[in-house]
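Below: one structure, written as structure tokens.
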């Protein structure tokens, strides 16, 4: 199914119906009649998109930077965005795969519980994070960002993996309770603020909070297995043999909280 | 005529002991008030918006309200913003209007103490009233705020100087000011702790680690401060925009709230934000009890959704997501970032304000209203969450905010 956007303004469109679960079993006519919101006006999907059945199971969209909640709560199937995507992409998704060829806005993969999101461009704030007042953010699943990511990436993260190949904004992994956050670029300040558990793996030197304490230089066994498995994914994550076998400096924190989180900084 | 126990509609202190004298419906004298309050009462008639305007032309009030309602009803994504300098009944009507329109509604906390609300949602908040502070506190900490210039009577009425039940005066209280520079407030402090800009989060985190016994050493000033906090009988932290609007924003507040929570393992300790506009606390309370959320609420889907960053006024304007705006008792054109207020100038903006402001100058429709607390009565919430009744001390032909909003609601429903 190919959805070419007809949107001319910056008015946000709320379209959680753009998900394989929702399209599944429906005719093109039924899909065209699905309800979306253009600002506060209720519309049909066909009012905002030129919809063509290309015979594929994959949902393909043009550039949709103002469309929110694409793939929300999806459990299976695949979405490809041929450009930028709006807020809450793949929020609360449980399975399937979303590929974005451009950049995404804030809260991509927020509170996701499974599945994979691949972003070729940059990601906004609160990637894989928690909504305000929630107890936990991302809980299982994989997010790979080829570009940079905004602030509070992986906030309140419980399980799952986030890989950012560019830079990270401030307060990445804040309140983290589990899961793994890997960054190949320069991480922002206040990394792992209030971190309780979980792992942050870095390949550039960070500015660390004074509430993280140095432990040792070693090669974590779990990381060797972890990186080998991650290298098998189709996302061309730049994992080298050196990364797998090299030494890492380990810091634990945030000691103003539980202090069982770890930051591993690649030493070579 | 002498009006006693008038509540001042200026800052979050909501001083309720003001004595106002009026002659021929004019305020002629104000007693007990600070310089700012006195000026607000005595000059409330200066620079008034004289009549309703549409496209800069004088029109009747009904025509202006009709035009405003037309603009808002036909908008795909209207924004309602302001609220903190009006009373709670008007705020309630504004929320009702937002629900009918499917609008985004936000209050000024999103550009001042919004991070305090986010921090409270994360960490919870140990609160007390200003009366408890006056009667019991023996350690008063002002962190990142300057009440000597912003909340002028705070020292005298609630914290440092008043005679309380168990604390009889200044000598029985220790006052600490933590700030990046020695402000006017630092002059009355027993101890002034100077911090580097943007290091509050690190300092508070270190203090918490030390308090929990997970760190042995601390810079001397911070160690002394922690020891004072641990050993006091009743401590209070008042914090301002130095915490909420510096690097880290809600994480700074989150850390401060957690510090106070940790301190309650040792002694009684509370924390209160120094709210700016006199009813910004009321705006949060009203929005919370009507919609379930204190700020940045959107009704586009027919039910309330809140997400600061997504539905906060500055972000909505900067991303050019709204196509009409209603500004109530606020002047965003004077204090929003350029890209935000420029969009406000590009779309049809409606302003309800007693005075001429920068926002009325860029507005399509301007509606003059009565000044709440002087020309209209209503309820306002003090910075510690205590509701007080604002008085009407001057008669006016202008309608109140609540009356104008009620008319708009009737027209939208018709």
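Here, each number is a calculation from the coordinates, and none is a lab measurement. As the structure is a prediction and not an experimental result, all values here were calculated from the model. As a convention, Cβ positions derive from the backbone with ideal geometry for all residues, glycine included, and neighbour counts pool all protein chains shown.
Quote the FRET efficiency, to the nearest 0.05, computed for residue A:245 versus residue B:358 with a Förster distance R0 of 60 Å and r equal to the Cβ-Cβ distance. All intermediate terms of the calculation are to be shown ahead of the outcome.
Values: r = 62 Å, r/R0 = 1.04.
The formula returns an efficiency of 0.45 here.
Report the gain in length on full extension from residue A:30 to residue A:232: 0.36 nm times residue separation, minus Cα-Cα distance, nm rounded to one decimal. Walk me through the intermediate numbers first.
On the way: separation 202, 0.36 × 202 = 72.72 nm, distance 3.86 nm.
Full extension from residue A:30 to residue A:232 adds 68.9 nm.
Express in nm, to one decimal, how much length is gained between residue B:4 and residue B:245 on full extension, taking 0.36 nm for each residue of separation and deducting their alpha carbon distance. Kindly include the intermediate steps, with their values, before the conclusion.
On the way: separation 241, 0.36 × 241 = 86.76 nm, distance 3.71 nm.
Additional length available on full extension: 83.1 nm.
Shape verdict for chain A, please, from the Cα gyration tensor: rounded (a/c under 1.5), prolate (a/b greater than b/c) or oblate. Walk me through the numbers before you get to the answer.
Numbers: a/c = 2.51, a/b = 2.01, b/c = 1.25.
Verdict is prolate for chain A.
Taking the mean number of other Cβ atoms within 10 Å as a proxy for protection, how do you rank B:233-246, B:383-396, B:216-229 from highest to lowest?
Values: B:233-246: 22.4, B:383-396: 17.8, B:216-229: 14.7.
The peptides rank, most packed first, as B:233-246, B:383-396, B:216-229.
Quote the relative contact order of the range B:230-309 in percent (integer), defining contacts as alpha-carbon pairs under 8 Å separated by 6+ residues.
Computed value for the range B:230-309: 25 percent relative contact order.
Between helix B:114-123 and chain B, what is the angle of the helix's C-alpha long axis to the longest principal axis, kept within 0 to 90° and rounded to the nearest 10?
Helix B:114-123 sits roughly 50 degrees off the main axis of chain B.
Taking 7 Å along the Cα-to-C-beta vector as the label spot, tell me the residue B:223-residue A:58 distance in nanometres, rounded to one decimal.
Modelled inter-label distance: 6.2 nm.
I want the antiparallel fraction of DSSP beta bridges within chain A, as a percent rounded to 5.
On the way: 21 of 59 bridges.
Of those bridges, close to 35 percent are antiparallel.
What is the distance, in nm, between label points placed 7 Å from the Cα along the Cα-to-Cβ direction at residue A:221 and at residue B:60?
8.7
What does the structure give for B:7-17 when I average, per residue, the other chain Cβ atoms found within 10 Å of the residue Cβ?
Details: counts 0, 0, 0, 0, 0, 0, 0, 0, 0, 0, 0.
Per residue, the average neighbour count from other chains is 0.
Would you mind telling me the antiparallel percentage of the DSSP bridges in the protein assembly as shown, rounded to 5? Mind dumping the intermediate values first?
Working: 44 of 120 bridges.
So the antiparallel bridges amount to about 35 percent of the total.
Which of rounded, prolate, oblate describes the protein assembly as shown, given a ≥ b ≥ c as roots of the alpha-carbon gyration tensor eigenvalues and a/c under 1.5 marking rounded, otherwise prolate only if a/b is larger than b/c? Don't jump to the answer; show the numbers that get you there.
Working: a/c = 2.74, a/b = 1.19, b/c = 2.30.
Note, shape of the protein assembly as shown comes out oblate.
Determine the relative contact order of chain B: mean sequence separation of Cα pairs under 8 Å and six or more apart, normalised by residue count, in whole percent. Mind dumping the intermediate values first?
On the way: 906 pairs, mean separation 107.6, N = 414.
Dividing the mean separation by the residue count of chain B yields 26 percent.
What is the distance in Å between the Cα centroid of the range B:6-70 and that of the range A:80-107?
A separation of 49 Å, based on Cα centres.
What's the angle, to the nearest 10 degrees (0 to 90), between helix A:221-231's Cα axis and the longest principal axis of chain A?
Approximately 30 degrees, to the nearest ten.
Tilt of helix B:280-291 relative to the longest C-alpha principal axis of chain B, in degrees (0 to 90, nearest 10)?
70
Within 10 Å of each Cβ of A:202-212, how many other protein chain Cβ atoms are there on average? Could the numbers behind the result be given before it?
Details: counts 0, 0, 0, 0, 0, 0, 0, 5, 8, 9, 1.
The shielding value for this peptide is 2.
Please give the FRET efficiency for residue A:10 paired with residue A:44, using the beta carbon to beta carbon distance and R0 = 25 Å, rounded to the nearest 0.05. Intermediate results must be reported in sequence, preceding the final value.
Numbers: r = 21 Å, r/R0 = 0.84.
FRET efficiency, residue A:10 to residue A:44: 0.75.
At 0.36 nm per residue, minus the direct Cα-Cα distance, what do residue B:346 and residue B:191 gain on full extension? Give it in nm, one decimal, please.
Working: separation 155, 0.36 × 155 = 55.80 nm, distance 4.99 nm.
Working it through step by step, the gained length comes to 50.8 nm.
Using Cα centres only, tell me the gap between the range A:212-268 and the range B:243-308 in whole Å.
Taking the Cα centre of the range B:243-308 as reference, the centre of the range A:212-268 is 36 Å away.
Which FRET efficiency value, to the nearest 0.05, is calculated for residue B:335 and residue A:80 with the Förster distance at 41 angstrom and r the Cβ-Cβ distance?
Working: r = 43 Å, r/R0 = 1.04.
So the FRET efficiency works out to roughly 0.45.
So for the pair residue B:266, residue B:45, with labels modelled 7 Å out along Cα→Cβ, what separation do we get in nm?
Calculated label separation equals 5.6 nm.
I'd like to compare A:232-243, B:334-345: which one has the highest average count of other Cβ atoms within 10 Å, and what's the full order after that?
On the way: A:232-243: 13.2, B:334-345: 16.2.
Those peptides, ordered most packed to least, come out B:334-345, A:232-243.
How crowded by other chains is B:98-106, given as the mean number of beta carbons from other chains within 10 Å of each beta carbon? Could the numbers behind the result be given before it?
Numbers: counts 0, 0, 0, 1, 5, 2, 3, 0, 0.
The per-residue average across the peptide is 1.
Just want to confirm a number: the relative contact order over the range A:106-266, from Cα pairs under 8 angstrom separated by 6+ residues, in percent.
Numbers: 508 pairs, mean separation 26.1, N = 161.
Relative contact order comes out at 16 percent.
With just the Cα atoms defining each centre, how far is the range B:348-397 from the range B:84-126? Give it in Å.
Here the two parts' Cα centres lie 16 Å apart.
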